[in-house]
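Below is one structure, written out as structure tokens, with a few remarks after it.
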Amino acid sequence: MWKDYSVSFIKKNRASSISIMVAAFISALFLSLLCSLFFNFWNYDVEQIVLEEGGWQGRITGEIDEDDLAMIQNFANVESASVNEELSEESEIVVDVYFQDTRTIYRDMPLITEKLGLDADAASYHELLLSRYLIHDPQDAKPPLLMAFYLVILIIMSLALVLIIHNSFAVTMNARIHQFGIFSSVGATPGQICTCLMQEAAVLCAAPILVGSIIGIALSFGVIQAINLLAADVAGRHEAVFQYHPLIFVVTILVSVLTVFISAWLPARKLSRLTPLEAIRNTGELQLKKKKHSRILSLLFGIEGELAGNALKAQKKALRTSTLSLTLSFLGFTVMLCFFTLSGISTNHTYFERYQDAWDVMVTVKNTGIENIEQAEEINQLHGVKSSVAYQKAETVCAIPETDISDEVNALGGLGTVAGSSVTLAEGSYLIKAPIVIMDDAGFKEYCEQIGITSEGDGSIVLNRIWDSVNSNFRYKEYVPFIKEEPDAILLQNAGQGENPVELPVFGFTQEAPVLREEYANYALVQFIPLSMWEKISGQIGNPEADTYIRVLAEDGITLTELNALEKDIVQVIGREYTVESENRIQEKVSDENMQKGAMWILGAFCVLLAVIGIANVFSNTLGFLRQRKREFAQYMSVGMTPEGMRKMFCIEALVIAGRPLLITLPLTVLSVGFMITASYLNPMEFLTKLPIVPIVIFILAIFGFVSLAYYIGGKRMLNCNMVDALRNDSVG
Amino acid sequence: MEILKCEGIRKVYGSGENCVTALDRIDLSVDKGEFVAIVGASGSGKSTLLHILGSVDQPTEGKVVVEGTDISTMNRTQSAIFRRRKVGLVYQFYNLIPTLTIRKNILMPLSLDKRKPNQEYFEQVVNTLGIADKLDFLPSQLSGGQQQRAAIARSLIYRPALLLADEPTGNLDQKNSKEIIDMLKLSNRNLNQTILLITHDEKIALEADRIVTIEDGRIISDRKRG
Ligand SMILES: Nc1ncnc2c1ncn2[C@@H]1O[C@H](COP(=O)(O)OP(=O)(O)OP(=O)(O)O)[C@@H](O)[C@H]1O
Ligand SMILES: [Mg+2]
């Protein structure tokens with residue numbers, strides 16, 4: 001009988017059955033995607049570790065001869081052991097050990113070293129790799145963080161899904177409270193009712209869960225491919241190969257089934273716990289617990305408004321979850337979009353815009369001083385090169401008497417106010433960081449010409465500016481002169497050493513830095529000196545950085561392919577003698593854009609999924625909400641409400657259902673975006689011009705569209721339904 | 001033989017200021033095979049009493065014993081099983097499951113117990129009630145009177161100790177009402193079925209062996225006929 005009952009119900013209520021199936025499908029899809037992605041991330045992580053550090057599990061270091069090696073290899077649990085030629089030295093042999101059952105490695109390794117007669121600390125473990133397999137030294141109780149992280153995300157996800165989809169079940173179950181009241185009064189136990197409902201859920205959800213899980217796997221395959229495509233240029237990355245394991249499928253199915261089971265069980269239990277009297281009294285009509293007035297709606301729309309308001313209030317609880325899910329998805333969607341826009345603006349600011357004209361190709365010559373670079377001229381002659389300069393940086397500090405600080409800084413409240421704790425005052429002098437930038441002579445000369453300073457003999461150019469941190473933020477920096485432009489020499493010394501200062505003649509002061517790809521420390525007094533000067537003072541001061549940089553500017557309007565070719569040429573010239581790394585601006589911009597696009601795609605897909613769940617939920621909810629009110633509508637019609645009046649009521653309700661989440665979300669979004677803007681010190685106007693209006697509007701329209709569609713479908717059915725049937729009273733009375 | 005006995009039943013709805021005492025110390029004893037009519041003004045507590053006797057509702061206080069078992073202390077599952085085996089409930093509205101055929105509706109209490117119907121008895125019941133040709137219809141395809149007959153057939157199918165009927169004819173015309181009451185009487189006489197019947201109709205009440213009158217939750221008179 002239960003079977004007949006369920007089958008005929010499912011057949012008669014296609015729409016609600018489909019909404020349940022869709023809910024189950026989406027949950028399974030999502031959870032499967034998540035599980036599969038996690039597995040792949042984990043796998044990638046392991047591969048990366050093996051690539052970088054090798055796949056060894058344990059290592060034994062010490063005096064180990066052939067016999068010892070054979071002994072290790074013959075140890076019960078050892079799969080293989082081999083001498084690591086790279087790390088081994090004459091007396092210290094390093095043996096990589098691989099185990100059959102890695103789980104006991106922390107027990108077996110000490111046994112092996114003991115047998116070999118070595119100290120316990122001769123054994124070392126690939127802890128990073130082992131921890132990926134959840135194997136930890138039993139001695140230290142470190143929790144398996146990564147796995148816990150995955151697990152927590154999975155649980156949160158599945159709880160969120162329960163929150164959202166249990167409603168689909170509740171709607172179809174609650175529509176039948178009266179019928180279950182009849183069953184109960186005839187003697188069906190709560191257990192039987194619950195079982196019946198759960199069986200229905202199982203029948204409806206089995207196929208969608210299976211299909212959803214499989215499509216989720218396919219989707220994760222797609223995601224991995226997309227990541228490979230988008231992140232192809234990222235340095236230090238190896239191609240991820242999609243992998244899957246039957247165990248993951250088992251976990252996926254388990255989690256999906258559990259999620260759906262809980263979602264169905266919550267409303268089923270609630271329903272089966274109603275007393276038969278409560279249940280049988282429930283005619284499916286909405287009942288207001290307290291008398292309430294929807295003042296605004298009745299004021300705006302008259303009696304229809306009031307009726308709509310009452311209906312919405314009576315359904316408050318059921319609508320709450322749909323409002324919640326819609327609000328969350330909308331919030332997630334908009335905030336994510338805004339975040340991307342902001343971070344896009346921000347990287348443009350900090351990077352590409354600022355260095356637009358500063359460099360086209362950057363070469364880092366590893367572990368080489370600038371004095372050794374002799375190819376500068378050769379690079380300059382390469383086809384397509386507009387200018388190039390080699391430079392190296394060195395660290396020094398200088399002491400500036402308090403009296404030498406510029407009037408502008410003093411007007412701002414003194415150096416202490418502007419620079420805070422970045423400078424220290426001692427004996428009437430400020431100790432200030434004074435980084436030196438050493439440029440090759442040709443480049444230095446060019447710079448001097450550019451700023452109109454004649455440079456004869458030895459000396460430096462002082463970048464005499466300090467960020468006015470009082471009147472500007474770090475994104476839109478404004479500068480004021482740092483010191484009075486009086487001294488014709490500056491005393492430099494090594495940080496931490498008061499002795500042996502070097503007097504550096506000053507050619508002049510400037511507010512304009514040379515075109516280098518450099519960001520100078522805040523509140524530092526930067527000096528630019530030519531190589532010839534450096535050769536004189538390098539013996540006494542300066543902690544030069546290890547690497548030298550060569551900045552190349554190409555001819556204007558160069559294309560990516562040309563620049564790539566140029567980069568190759570340059571590397572060939574300089575790379576003959578030295579180890580070099582090179583970047584080019586356009587390529588970097590392209591890969592950065594790709595990365596961002598990729599992240600946007602993935603997170604965007606996440607947002608869309610969120611939105612789809614929210615909208616699907618609203619749709620099913622609204623349909624269920626309408627279906628529940630057959631009698632209510634029949635009564636309105638029987639007392640003479642016209643179809644136009646009904647339509648008006650539908651419109652009002654749809655407006656409220658779709659509008660409320662928007663009303664809640666918009667201020668929240670504005671708040672959180674406002675917070676992000678403040679935190680990032682960006683100009684709000686700049687953000688507003690790039691506001692992602694279109695997707696947000698599309699999303700809003702989709703919400704209204706789907707709620708209207710639900711009302712259209714439900715309303716049409718309602719207006720066409722048999723009033724007599726609906727009015728037929730079959731309650732206890 | 002005493003089939004039903006209740007002692008000091010009280011039922012209070014709500015709490016605090018706006019609480020309603022629907023039943024106030026009801027003592028009642030019914031013998032097997034009796035046909036009892038319960039009458040009283042609207043709101044006097046008749047339905048409440050019937051629900052408690054049918055273990056659809058629990059009394060606030062007091063004891064209800066049916067065939068020697070105290071039903072007022074049962075848990076939900078026990079009382080559900082008790083309902084399906086020991087009582088038949090008939091309401092003014094027929095309370096049939098709209099998606100199940102009349103046959104399935106009638107056999108519901110047996111199906112819940114996973115029992116096969118006694119074919120002979122089933123036929124006897126549906127024939128007596130005159131719905132033998134409607135068994136494969138859905139409830140919505142039947143008239144009100146026919147639906148009520150089906151509901152009665154359902155309440156009789158398990159041969160319950162008690163048949164409790166709450167204004168079973170309240171929805172029907174005179175002719176149908178009379179037929180339904182005649183059928184109840186028939187089952188009372190032929191099957192020795194114990195029946196408690198709530199009614200507003202004086203004439204129907206007079207058909208019963210015994211008339212219990214309730215007012216404001218108390219029994220104010222208990223007359224036996226003949
Ligand atoms: N669920 C309830 N909550 C609160 N009060 C209730 C509830 N059910 C019944 N009552 C109250 O209990 C009293 C008895 O109700 P009951 O339904 O038993 O009357 P009745 O005799 O069957 O009336 P009628 O002849 O109109 O059916 C009434 O005063 C009613 O207001
Ligand atoms: Mg009543």
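Apolar share of the accessible surface for chain A: 60 percent from carbon plus sulfur atoms, 1.4 Å probe. Residues B:Met183, A:Met71, ordered by accessible area of protein heavy atoms at a 1.4 angstrom probe radius and largest first, appear as A:Met71, B:Met183.
Charge dipole (Cα centre; +1 on Lys/Arg Cβ, -1 on Asp/Glu Cβ; no other charges) of the stretch A:367-578 amounts to roughly 560 debye. Compared with the dominant Cα axis of chain A, that is its longest principal axis, helix A:14-53 is turned about 20°.
Note on the protein assembly as shown: antiparallel DSSP beta bridges, both residues inside, total approximately 75 percent of the bridges counted.
When the surface is traced with a 1.4 Å probe over the full set of protein chains, A:Leu51 keeps roughly 120 Å² accessible. Going by alpha carbons, how many degrees (0 to 90, nearest 10) lie between the helix axis of B:119-129 and the longest principal axis of chain B? Once rounded, one gets 80 degrees.
Cross-link reach is defined here as a Cα-Cα straight distance under 22 Å, omitting same-chain residues fewer than 8 places apart; for A:Lys366 the lysines meeting it are A:Lys393, A:Lys568.
In a simple Cβ point-charge model (Lys, Arg +1; Asp, Glu -1; nothing else charged), the protein assembly as shown has a dipole of about 11720 debye relative to its Cα centre.
Residue ranges A:110-120, A:198-208 sort as A:198-208, A:110-120 when ordered by packing (mean number of other C-beta atoms within 10 Å per residue, highest first). Tell me whether chain A comes out rounded, prolate or oblate; compute the Cα gyration tensor, take square roots of the eigenvalues as a ≥ b ≥ c, and use a/c under 1.5 as the rounded threshold. Verdict is oblate for chain A.
Using a 1.4 angstrom probe on the protein heavy atoms only, could you order A:Asp441, A:Asp96 from most to least accessible area?
A:Asp441, A:Asp96
Relative to one another, the C-alpha centroids of the stretch A:391-429 and the stretch A:74-106 are positioned 58 Å apart. Label sites at A:Phe242 and A:Gln635, each approximated as a point 7 angstrom past Cα along Cα to Cβ, lie 5.5 nm apart.
Need one value for B:102-114: mean number of C-beta atoms belonging to other chains within 10 Å of its residues' C-beta atoms. All intermediate terms of the calculation are to be shown ahead of the outcome.
Numbers: counts 0, 0, 4, 3, 0, 1, 7, 3, 2, 6, 8, 1, 1.
Mean inter-chain Cβ contacts per residue within 10 Å come to 3.
For A:Glu512 and A:Leu671, the difference between the fully extended length at 0.36 nm per residue and the C-alpha to C-alpha distance is 53.3 nm. Ignoring lysines fewer than eight residues from A:Lys12 along the same chain, the ones with Cα atoms less than 20 angstrom from its Cα are A:Lys3, A:Lys630, A:Lys716, B:Lys104.
Annotation: the antiparallel percentage among DSSP beta bridges lying fully within chain B is about 55. Only aspartates and glutamates eight or more places from A:Lys316 in sequence, or on another chain, were considered; those with a Cα closer than 13 Å are A:Glu653.
With a 1.4 Å probe, how much accessible area is buried between chains A and B, both sides summed, in Å² to the nearest hundred? If you can, show how the numbers build up before the last one.
Values: alone 37190 and 11250 Å², together 45840 Å².
For A against B, buried area totals roughly 2600 Å².
Considering only Cα-Cα distances, which of the following residue pairs are longer than 25 Å: A:Lys270/B:Lys63; B:Lys11/B:Lys86; A:Lys433/A:Lys477?
Details: A:Lys270/B:Lys63 28 Å; B:Lys11/B:Lys86 22 Å; A:Lys433/A:Lys477 19 Å.
Check vs 25 Å cut-off fails for A:Lys270/B:Lys63.
Note on the stretch A:461-587: with charges restricted to the Cβ of Lys and Arg (+1) and Asp and Glu (-1), its dipole about the Cα centre is near 180 debye.
A simple rule links phi to the HN-Hα coupling: the Karplus curve 6.51 cos²θ - 1.76 cosθ + 1.60 with θ = phi - 60°, which for the stretch A:377-383 gives 5, 4, 5, 4, 7, 4, 5 Hz, with x for Gly and Pro. A 1.4 Å probe, protein heavy atoms only, puts the accessible area of A:Met676 near 40 Å². When the residues A:His126, A:His383 are ordered by accessible surface, computed with a 1.4 Å probe over the protein chains alone, the sequence from largest down reads A:His383, A:His126. Heavy-atom accessible surface of chain A, averaged per residue, reaches 49 Å², computed with a 1.4 Å probe.
The angle between the Cα long axis of helix A:145-174 and the main principal axis of chain A comes to about 20°, on a 0 to 90 degree scale. If you take the Cα centroid of the stretch B:162-226 and the Cα centroid of the stretch B:121-146, the two points sit 22 Å apart.
Pairs of Cα atoms nearer than 8 Å and 6+ residues apart set the relative contact order; for the stretch B:94-158 it is 54 percent.
With a simple spin-label model that places each label point 7 Å from the Cα along the Cα-to-Cβ direction, the separation between A:Glu449 and B:Asp136 comes to 10.7 nm.
Counting heavy atoms of the protein chains alone, B:Glu2 has an accessible area of about 90 Å² for a 1.4 Å probe. Mark the label point 7 Å from the Cα of A:Glu593 along Cα→Cβ and return the residues of the stretch A:533-554 whose backbone N is within less than 12 Å of it. So the set is empty, nothing qualifies.
The values are calculated or read from the model by the stated rules, or taken from the named source; none is laboratory data. Computed from a predicted structure; not experimentally measured. Here Cβ is always computed from backbone atoms with ideal geometry, including for glycine, and neighbour counts include all displayed protein chains. Ligands, DNA and RNA are excluded from the accessible area calculation, which covers all protein heavy atoms including side chains. Shrake-Rupley method; radii C 1.70, N 1.55, O 1.52, S 1.80 Å.
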